[in-house]
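Mind having a look at this structure? Questions to follow.
Rule-based calculations on the coordinates, nothing more; no lab input. All values reported here derive from a predicted model rather than from experimental measurement. Note that each Cβ is placed from the backbone with ideal geometry, even for glycine, and that neighbours are counted across all protein chains shown.
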Amino acid sequence: MAHTGSLQRIRRIGGQWLIAVLLTLLSNQSVRAQKAQDHSALGISLAKAGKLAEAESELQQATHGAPGVALYRAQLGSILGLEGKWNEALASFQKAVELAPTNISFRRETAAVQWQLGLMSSAEKNLRYVLAKSPGDPGSVLLLGMVNEKLGRYETAAGLLDSQFDLVISQPDRTVALFHSLVRSGQLSKLAKIVDVLRLRRNDPGWPSAISRCTQIAASGSDLETAKSLFALIPLNEPTRPTAGIQLATLQYNVGQVSDAKELLLQLVEQGVVSADLQLLLGNCYETERQPSLALQAYRRAIEAEPTRVDSYQDPIALLVNVGKSSDALELVNHAIRIAPDDARPWVWKGNLSLRKNEYKDAIASYTHASELDRSNADAILGIATVHFVAGQNAAAINQYRAGMVRFPNDARFYIACAETLLASPDSLKLQREAEDLLRKAAKLNPQSAEAHYQLGQLALQRGLFKEAAAEFAQSLQSDPNQSKAHFAMSVLYRRTGRADDARHEFEIYQRLKQAEEGGMATPTKGEEKP
Amino acid sequence: MKPYCILRGDSGVGFSLPSSSDWSRREFLGAMSAAGIAQFLYPRMASIEATAKPLFSDVTQEAGITWRQFNGASPDRYLIETMGGGVALFDFDNDGWLDIFLLNGGETPRGRSERPLQNALYRNLGNGKFVDVATEAGLHPVKNYGMGVAVADFDNDGHEDIFVTGFPNCTLYHNNGNGTFTDVTADAGLQNHGRWASGAAWFDYDRDGFLDLVVCNYAELSFEGAAPKCETLNVRTYCEQRLYKGMPLTIYHNNRNGTFTDVSRSSGLDLLVGRALGVVAIDFDDDGWPDLFVARDASPNLLLLNRHDGTFADAGLDAEIAFDRNGNARAGMGVDAGDVNGDGRPDVVVTNFNFEFHSLFLNRRAFPFDDWTRPSHLAGATRPNVGWGTHFLDYDNDGLLDLMIVNGHIVEVIEQLHPQVKFKEQPLLLHNSGNSEFEDVSSKAGSAFSRGYLARGLSIGDWDNDGSPDAIFTCIGDRPVLLRNNVGRQNSWIGIGLVGARSNRDAIGAKLTLRTADRKLVRWVTGGGSYLSSHDKRVLFGLGNLPSSHRVEIEIVWPNGTTQMATSLEINRYHRITEQAAK
C-alpha cells in the first residue's frame, strides 16, 4: 500500500505548503501593515513638522499599503485639507466614512471639508449623524452653526455658535460667522461681547481682517455705533480697512450724517486710498451739502480711478444736468457710450439729457436704443413713458406704463408713475379707484416707496379720511424725510383737523425744504443755460 | 336802446330816450320780434337771425378799432415784453356809453418803435363805432412801459379817473370832466417808483367813502446791464418767472384830498413778497368789509381778509388756494370773483400755465375753499392753455354766471415741445350749465374763438347797452379784439348802476341781491378783476325767461354797510340807483 502513503505525503506537503503560503502571506500582510503603519506614523510627524507634501506622500503610501484602514484615509484627508486640496480631501474622508461609517470623528471631519467646499446639505447630514450619536459634541455643534450661517439660517446659526462661544472666539472666521449671524437675526444686543473680544485681539495675526469684516457686516446691518467702534479697532495697515471705511461712510451718509461720512472719506484719501467707490460717495456727500464743484471733482477722480466702470458716470452726468451744464454732461455721456457701446445705461442717460433739454424725439430714440440693448432695463421704458407724460401726451404715457407693468411686473415705479399720470389728468376723479389700486400694488412691491405712500395719503386726504392720510404720509416721510410736498400735505392735514401749531411746524419744514429744492442747485428749466 | 330809468333817492324819475337814428338794424328787428311781427312777416329772416348768429361777433374792424399794442420785443427778451395789455371799458364822458381805454406797452433798449407810441381812448359813438380821442384827452403819451389799467372815481367828483401801472412808474390821470385828463401822479403820491407794477384795484378798505388803491408789483426788473439769457430748443426765449425776484404789494390810503399815503408797511402787505399779477377786491367772508384775492405767478396766491383796522390777514393757507396739493405755487395770472353756484358767496377763478389747469375755488362758509377745477370741467377745458384775462359774465342772461378766458403762450417754440399746446391760443367761453359745472361752448362763440392770439387783458362791459355783456381783449403786439354779445338779449335782464353818496361814488364793494320766485342772485361791484383790466361797473342780472312785465326788487348793501331796498324795478332796462341819504 505504497500509493496511500504517497497521497498522504502529498496532502501533508500541500497542507504544509498552504500553511507556509498562508504564513508567508500573513507575514507579508503583517509586514505591509507594519509598513503602512510606519508610513502613517512618519506622515503624521512630517505633517506636524509642516512638511505637508512629504506627509501626503507617506499617507498615500499608507493607504496604498493598507487600503482597508479607514484611519489612514482620514489622516490623508486631513493632510490634503491642510494643503488646501479640498476635493481630494473630501474623497479621502468619504472613503474613510465608507470604511468606518459609525466613526463620528471621520464624519465630523468630512463635514468640515464639505463646509469648506460649500456642500452645506451634505455637511449638515453628517453633523446631524454625529450629534445624534454624541449630543452636544462641541466641534460638531460649532460646525453646524457655521453651516447654518452659510445657509442663511441666522437665528439657528447664532444659537449654535453662541453656545460654543469659547470655541468660536478662538478663531477669526468663526467669530465673524457668529457676528454675522447675530446681526442678520437682529440680536444686536449680543454684539458687545464680540466687540470686546475683537478689541483684545486687534493686533493678533489674522484678526484685523476679521474686525474689518465685522465692521462691514455691522454697517450693512445699519448698526452705526458698532460699526464705528469696530472701525476704530482696525489697524491702519490692514488691507481691507478702506473697504470697511467706505461701507461705514455709506451708512453714515444714508442716515444723514453726511459731514461725518465726508470726514471719514477724506481721512481715507489722506491715507492714500484710491477708490472709485470712495470718490463716488464723497461726491454724493458734496452734492448733498450743495457743493457741486467739489462733487464734480470727486466724480472725476472716481472716473480716473476706474475709467471703464460705467456706473461711475451716472452721478456726475446727473449733477452736470442739474447745474445747467448740459454740454459737459453730454460729453460725459458720449464718453460712457464710447467705452461701453453695448451698455444700455449710457443710452438711458443720454435719453434723460435729451428729455431735460426738451428734445423729445432724441430722448425717445436713446431710450429705445437702450431698451434694444438690454430688454431688462426698465429705466429705458420708464424714460419713454416719461417723455410722453412731459410732452403732455398722457394717453401715450399711460399705455407705456401699462406695457412696463406687464414686462416688469415687480417694478413698483411703473405702477406709481401710471397712477400719478391718471391723477394728473383732468378726469382724475373718475380714475381715482384705478390709481389707488396701482398705488397699493406699488406699496406692496416696495413698502419703502415714499411716493406710493404719499399719493395714497393724498387720496385719503381728499376723501376726508384723516387718520389714514396721516399714516400714509408718516410712512412716506419715514422713507424720505426730505420731501417738501409730504410736509406740505401734513400741514394741510393738521390745519384741517384744527392742529394749528403742528400745521405751522410742518409748513416751516416744507418751506425750508422747498427753498433748498428750488434754490440749491436749481437752474432755468426748459434747456436753459446759466449766463 | 331801452329807455334808461334814473331813480334818485327822492323818488324823482327822469327818462332819456334816444332818437330813432340811434337805432341799429339789429335793434329794429329786435323790436319787431318783440312785437310779434317779425316771425309772421319775415319768418325766414327771424329764423336766420336765430340760428346763424354766433354767440359773439368780432366787430373790431367795423367799430373802427385800429390801434395796435407795441411791446418792445427785442433780442434781449425782457419778460415785461410779453406781459402787458391793459384795457378798460368805462364811460369817461358820462354820456351813457362805455368807452375803451387801451394802454400801450413800451420800448426796451433794443426794442424801439419807428413811430411815437400812443395809448388809445376810443370814444363810443353809440352806433357801434368808436373814435380815438386819446390825444385830445391828454392820455396819448406813453410815459412808462405800460402794464395795467384801474378805473374809478377816486375823488368822488362824478368822473371816472384812470390809474395806469407799469415800469418804472405808475400814473394817475384825473378826469377833468370836460373830455380831458390831467396827470396828477406826483401830487397824489402814486408813482410807485422803481417798481414793475402789474394789476391794480380800487377798493375802500377802511369804508370811509373814498377809494383806496392796491397795486400788484411783479418782480425786480432793470433795463440796465444784460438781460438773463434763456433758451428753449436753442432759441432765445423769455426766461422762467422764477428767475425774477418777486416784490411786495403796494397799498395806498386815499387821504380824501387828492393825495394818497403809502400804507404798505402799516397794513402788513409789504411783508408779502411774491410775483403779483391779478387782483380782485370783494367781500369774501361777508362781513361787510372788502377783501382781496391776489393771483401770483409761481408765488403763493393770497387771500387777504380785511381785519377792519387797516391791516389784512392772509388766509391763503386756510382757504387752500395758495398752492396746489403738492405745495407748488402755480402761475397765477388773472383772477375774478363771482357767485358761480348761487349760494350767495363769491367764488374765485384763477388762470394758470399750460398743464396746470385754470383753477376754480368754491367759497364755502368755512375754510377751506373747495378746489372745483376738475368737477367743474374747467380742468379739461383749460389743460393746454396759458390763461390771462378772465371774467365771470352771464352772457346768455340765464341767471348763471358763465366764464370767459383769454389765453396765449410766451414761448415761441412751444408747439415743438408740446404739440397740443399752441403759441397763439384761442379764447374760451364756458357756459355755466348748473351744479357748478361748465361746458365749453367756444365752438359756438364766434370766429374770434376759433383763432389763436397772444391775448392778455380782458375787459367785460355792455358797450352797446343792450343788456348783454360784451367784451374786449388785448393782444401782445397786435390789435385788440372787440366782441359784441349777440344772445344775451334773448333772455330777460336788469342792469343796475349804483351811485354812492356816503359810500364811494362808484359803489365799489356793494353787494346786490335779487330774489325771484325760484332763485336768489347775488352780484357785487368789484374792484379790479381779470388781468390788468378794468370793467363796466354796472351790474347785470340775467333773468332767463322772466316776462317783461315782471317787476323785481333788489337789496343793496352799500360799501359803508347800510342796506337799501330798490323795489318794483322794471326789467330789461338799466336803472341808476343812488345811495339814500342818512336818516
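Under a plain spin-label model, where a point goes 7 Å from the Cα along Cα-to-Cβ, how far apart in nm are residue A:240 and residue B:236?
With each label point 7 Å from Cα toward Cβ, the separation is 6.2 nm.
Multiply the residue gap between residue A:204 and residue A:338 by 0.36 nm, knock off their C-alpha separation, and tell me the result in nm, one decimal place.
43.4 nm
Here's another thing I want to ask about it. Where in the stretch B:401-459 are there trypsin sites (Lys or Arg not before Pro) that are in a DSSP coil and have at most 15 other Cβ atoms within 10 angstrom of their Cβ?
Numbers: sites: B:422, B:424, B:444, B:451, B:456; in loops: B:422, B:424, B:451.
Listed in order of number, the matching sites are B:451.
Can you list the GluC sites (Glu not before Pro) in the stretch A:213-285 that are in a DSSP coil and have 16 or fewer other beta carbons within 10 angstrom? Each step should come with its number before you reach the end.
Values: sites: A:225, A:263, A:270; in loops: none.
Counting only loop positions with at most 16 other Cβ atoms within 10 Å, none of the GluC sites (Glu not before Pro) in the stretch A:213-285 qualifies.
While we're on this one: ³J(HN,Hα) across the stretch A:333-342 via Karplus (A = 6.51, B = -1.76, C = 1.60, θ = phi - 60°), whole Hz, x for Gly/Pro?
Ordered by residue, 3J(HN,Hα) equals 4, 5, 5, 4, 5, 5, 7, 9, x, 9 Hz.
Output wanted: per-residue J couplings in Hz (rounded whole) for the stretch B:380-392, from phi through Karplus 6.51 cos²θ - 1.76 cosθ + 1.60, θ = phi - 60°, x for Gly and Pro.
Each residue of the stretch B:380-392 in turn: x, 6, 10, 3, x, 9, 9, x, 10, x, 8, 7, 6 Hz.
Is the shape of chain B best called rounded, prolate or oblate, per the rule: a/c under 1.5 gives rounded, else a/b larger than b/c gives prolate, else oblate, with a ≥ b ≥ c the square roots of the Cα gyration tensor eigenvalues?
Because its axes are fairly even, with a/c under 1.5, chain B counts as rounded.
State whether the stretch A:41-94 is rounded, prolate or oblate according to the following rule on the C-alpha gyration tensor (a ≥ b ≥ c being the square roots of its eigenvalues): a/c under 1.5 gives rounded; otherwise a/b larger than b/c gives prolate, and the remaining case gives oblate.
Because a/c hits 1.5 or more and a/b fails to exceed b/c, the stretch A:41-94 counts as oblate.
Would you work out the relative contact order for chain B, in percent, from Cα pairs under 8 angstrom that are 6 or more residues apart?
Result for chain B is 15 percent.
Determine the sum of side-chain charges near residue B:539: Lys and Arg each +1, Asp and Glu each -1, restricted to other residues whose C-beta is under 13 angstrom from that of residue B:539.
Numbers: positive: B:511, B:523, B:537, B:538, B:576; negative: B:339, B:394, B:462, B:506, B:536, B:555.
With Lys, Arg at +1 and Asp, Glu at -1, the neighbours total -1.
Then there's this: Where the centre of each part is set by its Cα atoms, how far does the stretch A:91-167 sit from the stretch B:326-393, in angstrom?
One Cα centre to the other: 74 Å.
Going toward the positive end of the dipole of chain B, with +1 on Lys and Arg Cβ and -1 on Asp and Glu Cβ, which of B:487, B:471, B:319 do you reach last?
B:487
Just flag the GluC sites (Glu not before Pro) in the stretch B:210-305 sitting in loop per DSSP whose Cβ has no more than 10 other Cβ atoms within 10 Å.
Filter output for the stretch B:210-305: B:224.
Can I ask one more? Let me have the relative contact order for chain A, percent, based on Cα pairs under 8 Å that are six or more residues apart.
It comes to 5 percent, rounded to a whole number.
Quick one: longest stretch of chain A between exposed loop trypsin sites (Lys or Arg not before Pro), exposed meaning at most 15 other C-beta atoms within 10 Å and loop per DSSP?
The reported range is A:52-289.
Same structure, new question: When the helix-only estimate is applied to the protein assembly as shown (DSSP H runs of n ≥ 4, each -39,500 (n - 2.57), divided by the residue count), what is the mean residue ellipticity at 222 nm, nearest 500 deg cm²/dmol?
-13000 deg cm²/dmol
Follow-up. Normalised by the residues of the stretch A:276-345, what does the relative contact order come to in percent, with Cα pairs under 8 Å and at least six apart?
27 percent.
Pop out the ³J(HN,Hα) list for the stretch B:211-225 in order, Karplus 6.51 cos²θ - 1.76 cosθ + 1.60 with θ = phi - 60°, rounded to Hz; leave Gly and Pro as x.
After applying 6.51 cos²θ - 1.76 cosθ + 1.60, I find 6, 9, 9, 10, 10, 7, 10, 8, 7, 5, 9, 8, 8, 7, x Hz.
Note down the nm distance, to one decimal, between modelled labels 7 Å out along Cα→Cβ at residue B:273 and at residue B:568.
A separation of 6.1 nm, rounded to one decimal place.
For residue B:499, which sequence-distant residues (separation of 5 or more, or a different chain) have an amide H within less than 5 Å of its own amide H, given hydrogens modelled in the peptide plane?
Counting only residues 5 or more places away or on other chains, the set is B:577, B:578, B:579.
Given the options B:145, B:564, A:121, identify the residue whose Cα lies farthest towards the positive end of the charge dipole of the protein assembly as shown (+1 on Cβ of Lys, Arg; -1 on Cβ of Asp, Glu).
A:121
Quick one: net charge around residue B:407, please, counting Lys, Arg +1 and Asp, Glu -1 for every other residue with C-beta under 10 Å from its C-beta. All intermediate terms of the calculation are to be shown ahead of the outcome.
Values: positive: B:422, B:424, B:456; negative: B:425.
Neighbourhood net charge equals +2.
Also: Suppose every K and R has +1 on its Cβ and every D and E has -1 on its Cβ; what is the size of the dipole of the protein assembly as shown about the Cα centre, in Debye to the nearest 20?
Numbers: 112 positive and 130 negative charges, 1082 e Å.
With only Lys, Arg, Asp and Glu charged at Cβ, the dipole is about 5200 debye.
Lys and Arg at +1, Asp and Glu at -1: add these up for the other residues within a Cβ distance under 13 Å of residue B:266 and post the number.
Summing Lys and Arg as +1 and Asp and Glu as -1 gives -3.
Taking amide H positions as placed in the peptide plane 1.01 Å from N, state which residues far from residue B:166 in sequence (5 or more) or on other chains have amide H under 5 Å from it.
Counting only residues 5 or more places away or on other chains, the set is B:147, B:148, B:197.
Near residue B:444, which lysines are there with a Cα under 23 Å away, not counting those fewer than 8 places off in the same chain?
Hits, sequence-local ones excluded: B:53, B:422, B:424.
So, R0 is 41 Å and r is the distance between the beta-carbons of residue A:499 and residue B:220; what FRET efficiency does that work out to, to 0.05?
Working: r = 37 Å, r/R0 = 0.91.
That gives a FRET efficiency of 0.65.
Just grab the label-to-label distance for residue B:366 and residue A:267, each label 7 Å out from Cα along the Cβ direction, in nm (one decimal).
With each label point 7 Å from Cα toward Cβ, the separation is 5.7 nm.
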